[in-house]
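These notes are about the structure you will find just below.
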Amino acid sequence: MVKKELLKNEQIERVLSPHPLSFMKLQALCIFVIVWGIVVWWLTEFSEYTDMFSGNNWYSLILWGLVLLLIGVIASLVAIQWTIFFLYLGVFAGSIGLIFWQYWENNIPLFIVIYSIAVSFIGFLIVELYRRSHKYIITNLRIIFKGGIFTKRERTVRYDKIADIDANKQRDVIFPMLPEDQP
């Protein structure tokens, strides 16, 4: 943070970044693509169900894509955020485009596992870049949030404008409140 952005008599106390696991929701999307790609590769190449996929090379891609899109719809409905579905739709459309562009129709199961790992690796890098773009600047007068990769956001709240802080400590269910603990 540049010194000229500070208010009069303001000093920076700490500059914080989010924990690496704070964006685990986005990282889980990448983990699912890797795991599902490996499962489809195993199903089509090494499992007892390989005969089901031997008739047509496209069966494994259809299975991979349908489950990917189904999970995308479910995750989008749970998160109330359709970007997850469109992200998975883009991954699936990209796989079809690459197969036709590079003429990889002969070994689609191997392509699926390599493509899943590559796309997920790129996804992990983007999530990490997004996480590192977030900064929380704690000063003696206010809290400043700065973040974003493509669209930079900045939010500020002065301490004197904070009206309420809610802290909740849950008691363990195994040990109910004893009579002497009650108010």
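The values are calculated or read from the model by the stated rules, or taken from the named source; none is laboratory data. These numbers come from a predicted model, not from an experiment. Using ideal geometry, Cβ is built from the backbone for each residue, glycine included, and neighbour counts are taken over all protein chains shown. Ligands, DNA and RNA are stripped out before the accessible areas are found, and what is left, the full protein with its side chains, is counted by its heavy atoms. Shrake-Rupley method; radii C 1.70, N 1.55, O 1.52, S 1.80 Å.
Computed quantities for the displayed model
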item: Residues located in segment 97-108, provided they are touching a Phe, Trp or Tyr at 6+ places or on another chain (Cβ under 8 Å) and open to solvent by 100 Å² or more (accessible area, probe 1.4 Å); result: 104
item: Residue 95 being of a type in the set (S, T, N, Q), in a helix (DSSP H, G or I) and modelled with pLDDT of 95 or more; result: yes
item: Residue count for segment 109-144, restricted to those that are of a type in the set (Lys, Arg), more than 27 Å from residue 9 (Cα to Cα) and surrounded by fewer than 16 Cβ atoms within 10 Å (Cβ to Cβ); result: 1
item: Single unsatisfied condition, residue 98 versus (1) under 24 Å from residue 147 (Cβ atoms); (2) within 29 Å of the chain's Cα centre (by Cα); (3) among the aliphatic types (A, V, I, L, M); result: (1)
item: Yes/no for residue 63 being among the aliphatic types (A, V, I, L, M) and free of Cβ contacts under 8 Å to residues at least 60 places away in the same chain; result: yes
item: Any hit, segment 14-28, residues being part of a loop (DSSP other than H, G, I, E, B) and open to solvent by less than 40 Å² (accessible area, probe 1.4 Å); result: yes
item: Among residues of segment 85-96, those that are open to solvent by 50 Å² or more (accessible area, probe 1.4 Å) and more than 14 Å from residue 62 (Cα to Cα), counted; result: 2
item: Single condition residue 19 does not satisfy, out of (1) in contact (Cβ under 8 Å) with a residue 40 or more places away in the chain; (2) in contact with a Lys or Arg (Cβ under 9 Å, 6 or more places away or on another chain); (3) not acidic (Asp, Glu); result: (1)
item: Residue within segment 39-55 that is under 30 Å from residue 145 (Cβ atoms) and either at pLDDT 95 or above or within 18 Å of the chain's Cα centre (by Cα) (or both) present; result: no
